[in-house]
Amino acid sequence: MLRRFIEDESGATAIEYGLIAVLVSLAAIVGITALSNAIQFLFSDNNSRLTEAFSYH
């Protein structure tokens, strides 16, 4: 019974697909977080430059 359980690979594919889905999700979260930080920096930098430019007027 234990030997049959160890040699049984019927659920391995589902687990592998689940792990791949988790890895892809984590990569997407990390990428989106990095992108949002970069966009936030760009808008913040533009805001400070505009504020500085209008203060001279």
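The values are calculated or read from the model by the stated rules, or taken from the named source; none is laboratory data. Please read these numbers as outputs of a predicted model, since none were measured by experiment. As a convention, Cβ positions derive from the backbone with ideal geometry for all residues, glycine included, and neighbour counts pool all protein chains shown.
Residues in the stretch 40-55: is at least one out of contact with any helix residue (DSSP H, G or I) (no Cβ under 9 Å at 6 or more places or on another chain), surrounded by 10 or more Cβ atoms within 10 Å (Cβ to Cβ), among the basic types (K, R) and part of a helix (DSSP H, G or I)?
Yes, the stretch 40-55 contains a residue that is out of contact with any helix residue (DSSP H, G or I) (no Cβ under 9 Å at 6 or more places or on another chain), surrounded by 10 or more Cβ atoms within 10 Å (Cβ to Cβ), among the basic types (K, R) and part of a helix (DSSP H, G or I).
Can you name the residue in the stretch 22-57 that is β-branched (V, I, T) and under 26 Å from the mean Cα position of the chain (by Cα) and is also modelled with the lowest pLDDT among such residues?
Looking at residues that are β-branched (V, I, T) and under 26 Å from the mean Cα position of the chain (by Cα), I get I39.
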